[in-house]
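Here is the structure we will look at, set down as structure tokens.
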Amino acid sequence: MVRFFCWIFLLFCSIFPASYTMAQEGLNINWLSFEALSDSLATKPKKTLIFFHADWCTYCKKMEREVFTNPAVIAEINAHYYAVQLDVETVDSIRFDGQLFTNKSPKKRRGRYHDLPMLLGARNGQLVLPTTLILDEKFFVTQRQFEYLHSKKLLELIQP
């Protein structure tokens, strides 16, 4: 029985070597916190991608599952961008660019958004999820997307 499963595993790895290799290498986006981003930008300016999401947002979860696991997307972001993702309902205090940002709500609640995503990602005072921001090396917003972005569209936005 054990031999049978070993044989199946080897067959699977030969048929799907890319997925096996990606899992082995742990191919992921190098997500930073806002605090680490602040330090990184001070040391080495670089373009930044910010992804705002929430636990209840279906399209946010779909982007996390399908777009941010795409090898081409991962490679492009890791090579040319700092990447930050933030749950818009977090109650954690965040120190960024010398300022302290908070969520006025003491508990994580739907519709109670943190100040930082409201400052950077709101449109007409409303937060629409998922929100993806692309900023240049000087931290000026060049793209604001308030929708699900499939891999091809995201690659079009982030490739030079």
Kindly establish whether Pro45 is open to solvent by less than 40 Å² (accessible area, probe 1.4 Å) and within 28 Å of Leu27 (Cβ to Cβ).
no
Collect the residues in the stretch 134-149 that are out of contact with any strand residue (DSSP E or B) (no Cβ under 8 Å at 6 or more places or on another chain) and surrounded by fewer than 14 Cβ atoms within 10 Å (Cβ to Cβ), keeping them in residue-number order.
Lys138, Phe140, Glu147
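Is it fair to say Lys153 is open to solvent by 50 Å² or more (accessible area, probe 1.4 Å), assigned to a helix (DSSP H, G or I) and touching a residue at least 40 places away in the same chain (Cβ under 8 Å)?
Values: open to solvent by 50 Å² or more (accessible area, probe 1.4 Å): yes; assigned to a helix (DSSP H, G or I): yes; touching a residue at least 40 places away in the same chain (Cβ under 8 Å): no.
For Lys153, the condition - open to solvent by 50 Å² or more (accessible area, probe 1.4 Å), assigned to a helix (DSSP H, G or I) and touching a residue at least 40 places away in the same chain (Cβ under 8 Å) - is not met.
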Cβ pairs under 8 Å, 6+ apart or interchain, first in the stretch 120-140 and acidic (Asp, Glu), second open to solvent by 50 Å² or more (accessible area, probe 1.4 Å), ordered by first then second residue, are Asp136/Lys47; Asp136/Thr142; Glu137/Pro45; Glu137/Lys47
Considering (1) open to solvent by less than 60 Å² (accessible area, probe 1.4 Å); (2) in contact with a helix residue (DSSP H, G or I) (Cβ under 8 Å, 6 or more places away or on another chain), say which one Gln159 fails and leave the rest.
(1)
Would you confirm, using the coordinates I've provided, whether Arg95 is without any contact (Cβ under 8 Å) to a residue 60 or more places away in the chain and surrounded by fewer than 19 Cβ atoms within 10 Å (Cβ to Cβ)?
no
Report, ordered by the first and then the second residue, all pairs with beta carbons closer than 8 Å, sequence separation of six or more or different chains, a first member in the stretch 52-79 that is under 18 Å from Lys108 (Cα atoms) and in contact (Cβ under 8 Å) with a residue 24 or more places away in the chain, and a second member that is open to solvent by 10 Å² or more (accessible area, probe 1.4 Å) and in a helix (DSSP H, G or I).
Phe52/Leu120; His53/Lys61; His53/Glu64
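The values are calculated or read from the model by the stated rules, or taken from the named source; none is laboratory data. This one's a predicted model, so the numbers in the text were calculated from it and none came from an experiment. In this analysis, Cβ positions are derived from the backbone assuming ideal geometry, glycine residues included, and neighbour counts consider all displayed protein chains. Accessible surface areas use protein heavy atoms only, side chains included; no ligands, DNA or RNA. Shrake-Rupley method; radii C 1.70, N 1.55, O 1.52, S 1.80 Å.
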